[in-house]
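Encoded as structure tokens, the structure appears first; notes follow it.
The values are calculated or read from the model by the stated rules, or taken from the named source; none is laboratory data. Because the structure is predicted, anything quoted here is derived from the model rather than measured. Cβ coordinates were reconstructed from backbone atoms using ideal geometry, including for glycine residues, and neighbour counts include every protein chain displayed. Ligands, DNA and RNA are stripped out before the accessible areas are found, and what is left, the full protein with its side chains, is counted by its heavy atoms. Shrake-Rupley method; radii C 1.70, N 1.55, O 1.52, S 1.80 Å.
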Amino acid sequence: MKFALVNEQRQEAQPKLSGQCPACGHPMVAKCGEVKIWHWAHHGSRLCDPWWENETEWHRAWKGQFPVNWQEVVHQAENGEKHIADVKTDNGWVIEFQHSYIKPDERRSRDAFYPKLVWVVDGARRKRDGAQFAKALEAGAAVGNSGLRRVRPDECGLLREWGGSHAPIFFDFGNGPTLWWLLAKRPDEPAYVAPFSRAGFIEIHCGGATQMARDFDEFVKDLTTLVAHYESHLRAQPLQGFQQYLARRDKRRRRF
């Protein structure tokens, strides 16, 4: 973890410091070696949040894009269950930065636990993923002129592993200013992917109650329905809705 409570104040790990876990209150030890990034660990083998994964520089770089008081926020459900969100924004969005493989049942549990959840997935963790995703893009079909493409998940591990989540999913391949937004109703059906500005993603979530943030909130609510309707060929308008959302977002960003 990046933060522990030292004298009731959140603090990053420093040599010889001791602290308390903000979630469970148990003792934590500052780990400040030369190989891994400096972090806090529970004393002994205790792990109070089974959803927590060891952090990498990739995690820290993403967290650093957001205010410190949004990072590692303890979220408690009405039934008392608690988990530590990587980032929780003032608009109520929880952003989880996922580097390691996550089992489908755990992903579904997180989808259900957080009312407003966005995933950012490290697409560069496995060397094969970038090449497989590029191949799926190339073999896919363009939909309109928004950059949206209909792709098959058959030979792309990332698309198979992350298809079916009701939360927005963004792949980060770490090689430029673009994230890829995944829209997939089921892992065994065609998926839709669209380029999304990395800077725009950060701006939407850091910008407070702007029109861009409101547009994102409203569109995400309808996302699953839009994909399902388009796949069933009930009408063409739902997919046009995604293109219109991208167009509005880009128009508003150009104003600044």
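The phi-based Karplus calculation (6.51 cos²θ - 1.76 cosθ + 1.60; θ = phi - 60°) puts the 3J(HN,Hα) values of the range 17-30 at 7, 10, x, 10, 5, x, 8, 10, x, 7, x, 10, 10, 6 Hz, whole numbers, x for Gly and Pro. Put simply, the range 1-134 fits an ellipsoid with semi-axes of 25, 20, 14 Å; these come from the alpha carbon gyration tensor as the roots of five times its eigenvalues, largest first. From a point 7 Å beyond the Cα of A77 in the direction of its Cβ, which residues of the range 158-181 have a backbone N at a distance under 16 Å? The answer is 166-167, whose backbone nitrogens lie closer than 16 Å to the label point. Accessible area ranking (1.4 Å probe, heavy atoms, ligands and nucleic acids excluded), largest first, for V87, V29: V29, V87. Describe numerically, in nm with one decimal, the distance between label points set 7 Å from Cα along Cα→Cβ at C206 and at K36. Result: 2.8 nm between the two label points.
What FRET efficiency comes out for the pair E53/E138, r = Cβ-Cβ distance, R0 = 41 Å, nearest 0.05? Could the numbers behind the result be given before it?
Working: r = 32 Å, r/R0 = 0.77.
Plugging the Cβ-Cβ distance into 1/(1 + (r/R0)^6) gives 0.85.
Debye-formula intensities of the range 157-210, expressed as log10 I(q)/I(0) at q = 0.17, 0.27, 0.28 Å⁻¹, are -0.58, -1.03, -1.06 (one equal scatterer per alpha-carbon, no solvent). Got a sec? Which residues in the range 102-139 would a label at D154 touch, if it sits 7 Å along Cα→Cβ and we count backbone N under 13 Å? Flagged as within label range: 136, 139. Cα convex hull, the range 1-67: 99 Å³ per residue, rounded to a whole number.
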